[in-house]
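Single-structure report; data block below.
Just so it is clear, none of the values below were taken in a lab; they were calculated from the coordinates. Note that the coordinates shown come from a computational prediction; the quantities given were computed from them, not determined experimentally. A quick note on method: Cβ atoms are made from the backbone with ideal geometry, for glycine too, and the neighbour counts reach across all protein chains shown.
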Amino acid sequence: MKLQRWVKALAVACTLVACVSEAQGFGRKRSTGCEAPCAPMYTGCGGCGVAEAAPAPQYTTVTVCEMVPEQYTATVTKYRMENQAQTYTAYKSEMVPTTQTRTFTVMVPQTETVTTTVNRCRVVPVQEQRTINVCRMVAEQVQVTVPRCVPVQAQETVTVMVPTQVQETVTVMAPTQVQETVTVMVPTQVQETVNRMVDRGHYEARVVPCAPAVQYTSAGSSSGRRGLFARLCGKKHHDDGCSAGCGSPCGDCGGGCGDCAPAMTTVQCWVPNLVSEQVPVTVMKYVPQQQQVTLTKYAPQQQQVTVTRCVPQQKQVTVTRMQWQQVPETVTRCRPVTEQQTVTVTVMKTEMYQEQVPVTRTICVPQTKTENYTVMVCKTTPYQATRTVAVCVPYQEQVTLTRMVPHYVQKTVPCAVGCGGCGGSGDGCYTSTGHGRRHAMRRGGCG
C-alpha cells in the first residue's frame, strides 16, 4: 500500500510540473499594442496615436491549459505471505539394546559351628564385717539467763480532771416585741396630661411632568420596537400612573409643531401639618405611706446559770508497768554424740568365670563370576523431513490510478483597451477576466 501511494504522488507531481511549464510558455510574446486584431482600436498604427473615440470591444482567441483527470493502469509490486514446503535434515534418537560381558567378585556366605571359650560375669552375695559411725542425740539440762518482760507495781502521782458545779453569770439575747413606724411605697393610679404630635395634613392637586415611558419587551416580541422618534415624543406604551390626561402636545410628532413639549398631569399630593395636642393619660406611680408594724428585736440580758467545769486534781495511783529483766531458766538441749559400731552386712560382688559354648557363625568367601548383560545405547540417525514455512513472495498486480493531465482548449476572451506604446517598453495589453486566462494574457498583448 505504501508503494502504491508513492507511485500516485509521483505521477501527480510530474503532471503538475508539465502543466506549469506549458502554461508559462503561453502569452510570452511581446506586443507593441498595434497587432491585429487589436489594431483597429487605434487611429494610426505607425504613430501610435491616441484613439479619437471609444472603440468597440474586440475579442481574441487564446489557448488555455486545463487539468483534466485521466484514468490509467499501472503495474505495482505487492508482497504476500505464502506457505511453502521445505526439506531439511532431522535427527532422531532411539535406544538400541547391546549385549556386554563383565567380570565381578561376589561374597558368598558360609555357615560353620565351632567351640569357643567365653568369659561370663555373675553376681554373688558375700557377708562382711564393717565398722560404722553412728550419731545419736543426747538430752541434757542447761542453766541459761533469758530476757523476760516482767510486770512491776509502782506508785505514781497523776493529775485527773474532776467535774465540779459552778455558778456563772452569762449574757443571752432575749427577744422583745417593739412597735415601729415604717414608710412603704404604695402603687397608685394618677391622671396626667402629656403632649403628642398629630399630623393634620391634607391632599392637594398638583400639575407635574409625566415620567418618561419605559417599554420592556421580551426577546421574542417585536411589538415594543417603536423607533427613536416614538421615545423622543413621549408616547406611552403602557400605563405608568400618568395615563389620565397625559397626552403628547405634538400629536403624532409629525404635524410640524417643532420641538415636543413635556407632557403634564395632575396628581394628588399629601401636605403634612404637625400639631401639638394635650392628651390625658393614666399612669401608675408609687406613693410613700406611713404604717405601724410590730418587730421582734433581740436585746442582751444577764442571767445566773450553773455549769459543770472540769477541775484538775492531784491523785496517788498504783500502776503496773512491764519491764525487761534477765531471768535464769533451766532448759533441755539435745547434743549430738558420735559412736563406733561393728555391723555385719551382705554385699553383692561380681565374679568372672569361663565357659565353653558352641558357636555357629557365617563367614563371607570371595568368589569371581562372569556374566553377560544387556544395556540400552542411544543411537542418533539422520533423516530427511518436510516442513511448511511462511515465505514473503512478491507479485505483480494491475491497478487503476487517476492522474491530472494538461488539456489545451481554445477560448474567446475580450481584448484589453490599452497598449504600452509602439515599440516602447510597455507590457502590452493585460486582462484578468475569466478563470485560466492570466497565464495566456500575462505578457505580450492580445496576440
### Query
To the nearest 0.05, what FRET efficiency results for residue 287 and residue 171 with a Förster distance of 51 Å applied to their C-beta separation?
0.70
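Give, as a single signed number, the net charge of other residues whose beta carbon lies under 14 Å from the beta carbon of residue 73, with Lys and Arg counted +1 and Asp and Glu -1.
Values: positive: 8, 403; negative: 70, 397.
Once positives and negatives cancel, what remains is 0.
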### Estimated vicinal HN-Hα couplings, Hz - segment 175-189 in sequence order (Karplus 6.51, -1.76, 1.60; Gly, Pro = x)
x, 9, 7, 10, 8, 9, 9, 10, 9, 10, 9, 10, x, 9, 7
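Please give the FRET efficiency for residue 56 paired with residue 409, using the beta carbon to beta carbon distance and R0 = 22 Å, rounded to the nearest 0.05.
On the way: r = 26 Å, r/R0 = 1.18.
About 0.25, to the nearest 0.05.
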